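The values are calculated or read from the model by the stated rules, or taken from the named source; none is laboratory data. The model shown is predicted, which means the values in this text are computed figures rather than measured ones. Neighbour counts run over all protein chains shown; Cβ positions are idealised from the backbone, glycine included.
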Amino acid sequence: MKELLGETAVRAARYLAAIGDRRVAPGVEDIARLEALGGALPEKPCDPAELLALLDDIGSPATVATTGGRYFGFVIGGTLPAALAANWLAGAWDQNACMRIMSPVSAKIEEIVMEWTVDLLGLPPGSAMGFVTGTTMANFSALAAARSAVLKRAGWNVEEDGMFGAPEIRIVVGEDVHVSVLKALSMLGLGRSRVIKVPADGQGRMRADALPVLDDHTVFCIQAGNVNTGAFDPAKEICSRARDAGAWVHVDGAFGLWGAVSPLYGPLLEGVGAADSWAIDCHKWLNVPQDSGIAVVREPEHLRRAMSWGSAAYLTPSTGREPSHSTPDSSRRARGIELWAAMRSLGRSGLREMIERNCRQARLFADRLHTAGFEILNDVVLNQVLVSFGSAEQTLRVIAEIQSDGTCWCGGTQWHGHTAMRISVSSWATSDDDVERSAAAMIRMAQSVKE
């Protein structure tokens, strides 16, 4: 085992050392070689060292270099060195984070991370948190708590009696709501098409002057960081209206909530702390390994009731916090260990510096592309940039050329009738040199397409 893990460390270190020099997306021939991993399942056991060599030699070249400094697709962070090391150790520990008795260390670390997260993001002390796979499950868990609380007020026990015959719940979302919220609503039996949509402005923010009438049967979903523009819904106005009406406010803050650690971007989140629940992604801007998210609920009883598993004679809870009472999962990996490592390694100042640096680098991208004559479609308020390279056809051709070239990687989107390329700067590993090198490649590709 010692030799095998040593060889794993050597191969992993070699992969990471070369990440800055390789193309970001794998080549066609690298992807084709993946067929060598298949075939009939061997009849006899395989030597682990040989298996590792095969996986590295064939698999590593076919990876997308998301943990490097020049991946700007979707909103995907890299992996901090401390978080990666903690992930390896947690893998060796192989802890089941279901119950405190199964893993005292993971349960305690989750409690520490909860305190740090509340402090860093300005959330209500005493809030409950569930450590889940990402924002989709964080939205699901928090909205399950919202559904439970709203129906309980109406005299309905949804955990026992389900949705058949339940009182109606009104769901309000913005016109540019993220699909993960709609997916969560569909899984909860609340429907994607039954939502009330609030008109948005040109940046994707809900218009405060267009809010519907709210009541205590309403769940209002807002965004802290639009996935295309980085814009924030007017939380202060919405939460004030909702509080007066007895409505529940849920915040999809996948990456945008991390802006709270900086005094430069904290004002964008004014009023967010007055909501009832929040969804946070950690494998985005906290830069921990996939997969990691947090569901936060102001009143712990609502999350516990929504995530309760009934009774089982062999599952006797302790007197302290039981991790599985806050998540859809029972058995799960101890992902809180990586969060602890990331937060502790960066500290408050390091996390602030990373957030502010990425936002500055997003503005640098916008400046370089605008100066080169290309249209920036959004106000760059955070770490997201939308750029058009001309017509829809031209923009799509530029995106394809960029992805094929391999210097960097960006994806496309549709934004208010425009075809655009999205640049998301979310990695601790991104340097200003990465930005300059990538912007130069983008400009070169775009100019060649226009010619």
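Can you confirm whether Leu143 is touching a Phe, Trp or Tyr at 6+ places or on another chain (Cβ under 7 Å), buried (at least 20 other Cβ atoms within 10 Å of the Cβ) and touching a residue at least 24 places away in the same chain (Cβ under 8 Å)? Here the answer is no, as Leu143 does not meet what is asked. Within segment 280-302, the residues that satisfy the criterion of being out of contact with any Lys or Arg (no Cβ under 6 Å at 6 or more places or on another chain) and assigned to a loop (DSSP other than H, G, I, E, B) are Cys282, His283, Lys284, Trp285, Leu286, Asn287, Val288, Pro289, Gln290, Asp291, Arg298, Glu299. When segment 246-264 is filtered for residues that are within 22 Å of Val172 (Cβ to Cβ) and surrounded by 24 or more Cβ atoms within 10 Å (Cβ to Cβ), the ones remaining, listed by number, are Trp248, Val249, His250, Val251, Asp252, Gly253, Ala254, Gly256, Leu257.
When segment 187-208 is filtered for residues that are closer than 30 Å to Gly165 by Cα and small (Gly, Ala, Ser), the ones remaining, listed by number, are Gly189, Gly191, Ser193. Suppose we filter Lys152, Lys197 for residues that are of a type in the set (D, E, K, R) and touching a residue at least 60 places away in the same chain (Cβ under 8 Å); which single one remains? Exactly one residue qualifies, and that residue is Lys152. Here segment 271-289 is the region considered, the condition is being closer than 16 Å to Met343 by Cα and not aliphatic (A, V, I, L, M), and the residue that is surrounded by the fewest Cβ atoms within 10 Å (Cβ to Cβ) is Pro289. Only one entry in Val75, Val150 is of a type in the set (A, V, I, L, M, F, W, C), buried (at least 18 other Cβ atoms within 10 Å of the Cβ) and either assigned by TED's automatic domain parsing to the domain that holds Asp432 or assigned to a loop (DSSP other than H, G, I, E, B) (or both), namely Val75. Residue count for segment 314-347, restricted to those that are assigned to a loop (DSSP other than H, G, I, E, B) and under 28 Å from Arg147 (Cα atoms): 17.
Would you pick out the residues in segment 379-437 that are among the hydrophobic types (A, V, I, L, M, F, W, C) and assigned to a loop (DSSP other than H, G, I, E, B)? Passing the criteria: Val380, Val381, Leu382, Phe389, Cys408, Cys410, Val425, Trp428, Ala429. Filtering segment 405-438 to residues that are closer than 22 Å to Asn287 by Cβ and hydrophobic (A, V, I, L, M, F, W, C) leaves Cys408, Trp409, Cys410, Ile423, Val425, Trp428, Ala429, Val435.
Of the residues making up segment 10-47, just one is among the aliphatic types (A, V, I, L, M), touching a residue at least 40 places away in the same chain (Cβ under 8 Å) and in a helix (DSSP H, G or I), namely Leu16.
On inspection, Val177 fails the criterion of being of a type in the set (Val, Ile, Thr), in a loop (DSSP other than H, G, I, E, B), surrounded by fewer than 19 Cβ atoms within 10 Å (Cβ to Cβ) and not assigned by TED's automatic domain parsing to the domain that holds His418. Of the residues making up segment 27-45, just one is over 30 Å from Ile402 (Cβ atoms) and either basic (Lys, Arg) or surrounded by 10 or more Cβ atoms within 10 Å (Cβ to Cβ) (or both), namely Lys44. Can Thr327 be described as touching a helix residue (DSSP H, G or I) at 6+ places or on another chain (Cβ under 8 Å), among the polar types (S, T, N, Q) and either surrounded by fewer than 23 Cβ atoms within 10 Å (Cβ to Cβ) or within 23 Å of Thr117 (Cα to Cα) (or both)? Yes, satisfied. If you go through segment 187-245 and pick out every residue that is buried (at least 20 other Cβ atoms within 10 Å of the Cβ), assigned to a helix (DSSP H, G or I) and under 21 Å from the mean Cα position of the chain (by Cα), you end up with 1. Here Glu110 fits the description: in contact with a helix residue (DSSP H, G or I) (Cβ under 6 Å, 6 or more places away or on another chain) and in contact (Cβ under 8 Å) with a residue 60 or more places away in the chain. Note on segment 113-123: residues that are closer than 26 Å to Asp94 by Cβ and either in contact (Cβ under 8 Å) with a residue 60 or more places away in the chain or assigned to a loop (DSSP other than H, G, I, E, B) (or both) amount to 3.
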